[in-house]
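Below is one structure, written out as structure tokens; the observations come after it.
Coordinate-derived values only; no laboratory data. Since this is a predicted model, take the numbers as computed values, not measurements. Cβ coordinates were reconstructed from backbone atoms using ideal geometry, including for glycine residues, and neighbour counts include every protein chain displayed.
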Amino acid sequence: MKKVFERPRLLKPATFHFCPGCGHNILHRVIAEVLEESDFRERAIMIAPVGCAVLAYFYLDIDVTEAPHGRCTAVATGIKRAIPNSLVFTYQGDGDLASIGAGETLHAAGRGEKVTTIYVNNANYGMTGGQMAPTTMLNQVTTTCSAGRSAEREGYPLDMSKILASLPGVCYVERVALTSPANVQKFKKALRKAFQYQTEGLGFSLIEVLSTCPTNWKLTPVDSLKWIEEVMTKSYPPGVLVDRKANRGDSE
Amino acid sequence: MKSSANKVLLSGNHAVAEAAIRAGCHLYFGYPITPQNEIPEYMSEHLPKIKGGAFVQAESELAAINMVLGAAATGRRVMTTSSSPGISLMQEGISYLAALELPCVIANMVRGGPGLGNIATAQSDYFQSTRGGGHGDYRTITLAPCTVQEIYDLTQLGFYLADKYRGPVIIQGEGLLGQMVEPVELKEPDKKDLPPKDWALTGAKDRPGRMLRSLILEEGILEEHNWKLNRKYLEIEKKEKRFESFRMEDANLAVVAYGSVARIAKGAIKRVREEGLKVGMIRPISLWPFPGEAIRKAAEKVSQFLVIELSCGQMIEDVRLALAGKAEVNFYGRPGGGVIPNPAEFGRVISRNYYQKVRKAR
Ligand SMILES: Cc1ncc(C[n+]2csc(CCOP(=O)(O)OP(=O)(O)O)c2C)c(N)n1
Ligand code: SF4
Ligand SMILES: [Mg+2]
């Protein structure tokens, strides 16, 4: 019988600790596939965040280091400067990247560090139990904005991808919603492109993924996908925010 | 660099940088802060000319120490330098470096605090460096030079010890030492018998992936990890204590001082010895591990100790712990940050102590 689906070699035979229906499950698998289908694996060094994805090193058979909460892109800078021909990528939640690590993210992008960031936006702090994140949308309920986020009280959400896409050191930013097999393929394609651009030395690249957190959203996995489509994409519309290679010459 | 024979004239800050470069540290990440800006300036000029060298001016000390963490994870030699407020900001990263067992050298050209304090020299970061500084049960080797030559030598030793024991090493410089200009012999670094870096992240080519992690959730394993770190610290305590003994052969009173203060105290001791006072000094060179035995041993002959610091009294706690009541410990200190004591001042304090304590006891 022909095998049509199997475990990527780079996924270690460990059971994911993620909740059922969580986007992190899919993302880890796709990363393994992309690394496996290319010669990226032997150059790859991953920086795992503090957040639900902190245990990435248990799942991916590549070189992985942890970083203090939010500091992934600073750590990535150190690695890339030490080994310029390595393929360096960070994997960060929205709390990690847009809140505590906003400074490191902005400046690594500003410098145009030749590293790639996978930015997993689930509009809350998953690991610590569903508190408000900078990405939490207006009216969204979390454990620290139980009446729903209000602009008056909690302030406005932050769209980091949009900010980063405006920087000249950033070569590629794309946002995908992880809601269907077709969209998973979009993420895969985007990741391949980002790695390719990094290899070509074009600058900082980032893929934002709108990713489910059924546990803290208190929705079923299926309803979580719907919520991304119907609610999240309104605030965070998917698409290519910048691709400087495709639009050589002009920037937007 | 001005050179004559095998010696060159260097400031303390430039000596840190030159020693690091000659020790094979070609990666530097830092954020400007006075009184150590000459170090990043020197590095920014020299490192880009070296193959594989890189200098990054980080956006903060928080970023700088994490860039150091990343570079150290690849197994290459790396350093950052700063001064007190910047070192405070690095404590989170230093805790992670200790937990992940990543080698690097961090020089603190200490200035006056707390808070923003000022840019003048001080010794008020002793606790921060010798007690861990960040969260968790860890220690950092802390080396305290007192001449520009020693800054050079200890910086190179720092890289050696960092690699040998896999962890961050702190050079406890001082603002004053950084600015001082003295002849320095540019020695070659020791690289003997260092363990292979078989943990380094270099890309998993023809081998399984490697991981560096400090999050340890499995039952009982964090305790195991901490015991492992502790065994390493005990080994360091056994092997890496360093101190200088000065005129202790017939001393009745022992000064204990480190860094710039020890140097000034040396001048004071020479003066009071001309007047016939039998005074010596023990100068800790490694602040952690603290050379407590040397002090305890001295107490077999000396019953009076005088600790002098450019702080309101921090190292004195280690001296007291070492002596465990075996001798009397007195203290003279002034908060740093604007005060540079001179040998005459220390001489008066030493004489007063001598006449009040030693002579009276007879
Ligand atoms: C310095 C520090 N502050 C706070 C925490 C606690 N903490 C752990 S994960 C996390 C938020 C994670 O949220 P996010 O980055 O969105 O990742 P997710 O779990 O949602 O994937 C926080 C606040 C920490 N580990 N370290
Ligand atoms: S809490 Fe949310 S983000 Fe974390 S594993 Fe569960 S579903 Fe995924
Ligand atoms: Mg999140």
Gyration tensor on Cα atoms of the range A:1-142, a ≥ b ≥ c root eigenvalues, a/c under 1.5 rounded, else prolate if a/b beats b/c, else oblate, says oblate
Under 8 Å for C-alpha pairs, at least 6 residues apart: give me the relative contact order for chain B, rounded to a whole percent. 17
Would you mind calculating the relative contact order of the range A:44-112 from Cα pairs under 8 angstrom and at least 6 residues apart, reporting the percent as a whole number? 38
10 Å Cβ neighbours from other chains, averaged over peptide A:36-45: 3
Would you kindly work out the equivalent ellipsoid of chain B from its C-alpha gyration tensor and give its semi-axes, the square roots of five times the eigenvalues, largest first in whole Å? 36, 24, 18
Sort A:5, A:58 by Cβ crowding within 10 Å, fewest neighbours at the top. A:5, A:58
Got a sec? Which residues in the range B:209-242 would a label at residue A:12 touch, if it sits 7 Å along Cα→Cβ and we count backbone N under 14 Å? B:209-218
Can you give the calculated 222 nm mean residue ellipticity of the protein assembly as shown, where each DSSP H run of n ≥ 4 adds -39,500 (n - 2.57) and the sum is split over every residue, rounded to the nearest 500 deg cm²/dmol? -10500 deg cm²/dmol
Restricting to DSSP loop positions (anything but H, G, I, E, B) with no more than 13 other Cβ atoms inside 10 Å of their own Cβ, which trypsin sites (Lys or Arg not before Pro) remain in the range A:1-60? A:2, A:3, A:9
Of B:164/B:301; B:49/B:187; B:241/B:297; A:80/B:7, those spanning more than 25 Å from alpha-carbon to alpha-carbon: B:164/B:301; A:80/B:7
What is the percent of Cα-Cα separations in the range A:23-251 that go past 22 Å? 47
Per-selection Kirkwood Rh - the protein assembly as shown (Cα, Å, 1 d.p.): 26.2
The range B:243-361 - Rg over Rh from alpha carbon coordinates, Kirkwood radius: 0.92
Separation of the range A:217-247 and the range A:10-39 by C-alpha centroid, Å? 20
Let me confirm one metric for peptide B:56-65, namely the mean number of other chain beta-carbon atoms within 10 Å of its residues' beta-carbons. 5
Given Cα pairs under 8 Å that are at least 6 residues apart, what percent is the relative contact order of the range A:23-251? 18
On a straight-distance basis, which lysines could pair with residue A:188 in a cross-link, Cα separation under 20 angstrom, same-chain partners fewer than 8 positions away excluded? A:12, A:114, A:245
Which peptide among A:215-228, B:13-26 comes first, and what is the full order, when sorted by highest mean count of other Cβ atoms within 10 Å? B:13-26, A:215-228
Expected unfolding gain across residue B:328-residue B:179 under the 0.36 nm per residue rule, minus the alpha-carbon gap, is 50.1 nm
Need one value for B:208-218: mean number of C-beta atoms belonging to other chains within 10 Å of its residues' C-beta atoms. 6
Mean-position separation - Cα centroids, the range A:66-95 and the range A:133-202, in angstrom: 18
